[in-house]
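Trainee: Here you go, one structure.
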Amino acid sequence: MGVLVAVYTTCDAWGIRLTPDPFTLLAWFFCIWAVDFPTRLAGRLWRGRVSLPVRRPLIVRGIFGAPIAFVSFVSFVGVMPATRSGRVGEVAALRETSTVIAAGIGWAVLGEKVGVVRACLMGLIALGAVLVQIG
């Protein structure tokens, strides 16, 4: 998993630094993603089904999912210019702390079980971000 994070972080940094205007890359990224992701997801969900699913629950999920997509957009747009300016390691460490925040929200809001091992691992992620910043 760490290798994949390193690869996509390096690709992001490389792409954002090669473009004269970083917001051009961001606009194309989200335009392509907005078409590609829902199309592939619908294909996977409907593969092998004889009839289409009931639309009302899907619409409700979409309405509640839209703000999450917007938060994703805002966070990505915030991280990419920081990646462009340099210090990719620091940006990457900070970016990966979002998993700790998501796990905390899952525990507090959704009642998910964290356990001692997962809590320690999340603490190590947060500690790593602090150590990168200090160093």
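The values are calculated or read from the model by the stated rules, or taken from the named source; none is laboratory data. Computed from a prediction, not measured in an experiment: that's the story for all the values here. Because the Cβ atoms are built from the backbone with ideal geometry, glycine has one as well, and the counts that use them run over all protein chains shown.
Trainee: Only one of W46, W14, W33, W28 is surrounded by 10 or more Cβ atoms within 10 Å (Cβ to Cβ) and under 16 Å from R84 (Cα atoms). Can you tell me which?
Mentor: W14
Trainee: Just to be sure before I move on: is T39 at pLDDT 80 or above and farther than 21 Å from L4 by Cα in the structure I sent?
Mentor: yes
Trainee: Another question, if that's okay. Any residue that is among the small types (G, A, S) and surrounded by 10 or more Cβ atoms within 10 Å (Cβ to Cβ) - is there at least one of those in the stretch 50-61?
Mentor: No - not one qualifying residue is present in the stretch 50-61.
Trainee: Also, quick follow-up: Filtering the stretch 64-84 down to residues that are at pLDDT 80 or above and more than 14 Å from the chain's Cα centre (by Cα), which residue is surrounded by the fewest Cβ atoms within 10 Å (Cβ to Cβ)?
Mentor: P81
Trainee: Are there any pairs with C-beta distances below 7 angstrom linking a residue in the stretch 18-43 that is in the same structural domain as V74 (by TED's automatic domain parsing) and without any contact (Cβ under 8 Å) to a residue 60 or more places away in the chain to a residue that is in a helix (DSSP H, G or I) and among the hydrophobic types (A, V, I, L, M, F, W, C), with the two at least 6 apart or on different chains, and if so which?
Mentor: T19/L25; L25/I16; L26/V77; L26/M80; F30/F73
Trainee: Right, another one. Residues of the stretch 44-74 being under 24 Å from R95 (Cβ atoms) and without any contact (Cβ under 8 Å) to a residue 40 or more places away in the chain, which ones?
Mentor: Within the stretch 44-74, G65, A66, P67, I68, A69, F70, V71, S72, V74 qualify.
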